Amino acid sequence: MTKKKKKMSIYYQISRRIYGLFLILMSVALLGAVCFYSPLDSSFNYAGNKVTNLLGNFGANSADFILTFLGVSLLIFLVASCIWGYALCCLQPMTHWFLRLFFWL
């Protein structure tokens with residue numbers, strides 16, 4: 001007995017790869033925003049007049065938000081999202097995605 005593989009359409013393959021690439025790029029962008037974080041940047045918690053983050057206001061606000069709520073555990077969230085993005089790019093089947101998302105949170 002052999003299992004039949006489902007034939008994926010080209011649009012489905014392209015969309016999965018785009019979603020995977022988007023996940024990887026957003027993870028890298030958020031990591032870059034945190035790496036260039038400065039406590040003197042104008043953000044949600046601090047009213048300053050200058051933003052020195054290389055990603056601009058998006059980087060300053062997202063880095064402030066991430067460091068406030070996640071702190072050091074940021075790496076766990078970013079590594080998991082990079083792995084999911086890579087799996088989507090390689091067209092690997094995502095089994096039990098709801099449970100993965102629940103345990104990730």
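The values are calculated or read from the model by the stated rules, or taken from the named source; none is laboratory data. Nothing here was measured: the structure is a model prediction, and the numbers come from that model. No Cβ is skipped: glycine too gets one built from the backbone with ideal geometry, and neighbour counts run over all protein chains shown. The accessibility values were calculated without ligands, DNA or RNA, using every heavy atom of the protein model including side chains. Shrake-Rupley method; radii C 1.70, N 1.55, O 1.52, S 1.80 Å.
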*Where F22 falls short, out of the listed (1) open to solvent by 100 Å² or more (accessible area, probe 1.4 Å); (2) modelled with pLDDT under 90; (3) not β-branched (V, I, T)*: (2)
*Residues being open to solvent by 40 Å² or more (accessible area, probe 1.4 Å), in contact with a helix residue (DSSP H, G or I) (Cβ under 9 Å, 6 or more places away or on another chain) and either modelled with pLDDT of 90 or more or part of a loop (DSSP other than H, G, I, E, B) (or both) - total across segment 36-63*: 10
*Would you call A87 touching a Phe, Trp or Tyr at 6+ places or on another chain (Cβ under 7 Å) and open to solvent by less than 50 Å² (accessible area, probe 1.4 Å)?*
no
*State whether the residues of segment 64-73 include one that is assigned to a helix (DSSP H, G or I), open to solvent by 60 Å² or more (accessible area, probe 1.4 Å) and either over 19 Å from A29 (Cβ atoms) or without any contact (Cβ under 8 Å) to a residue 12 or more places away in the chain (or both).*
yes
*Specify which of the listed residues (I66, I10) is over 16 Å from the mean Cα position of the chain (by Cα) and farther than 20 Å from R100 by Cβ.*
I10
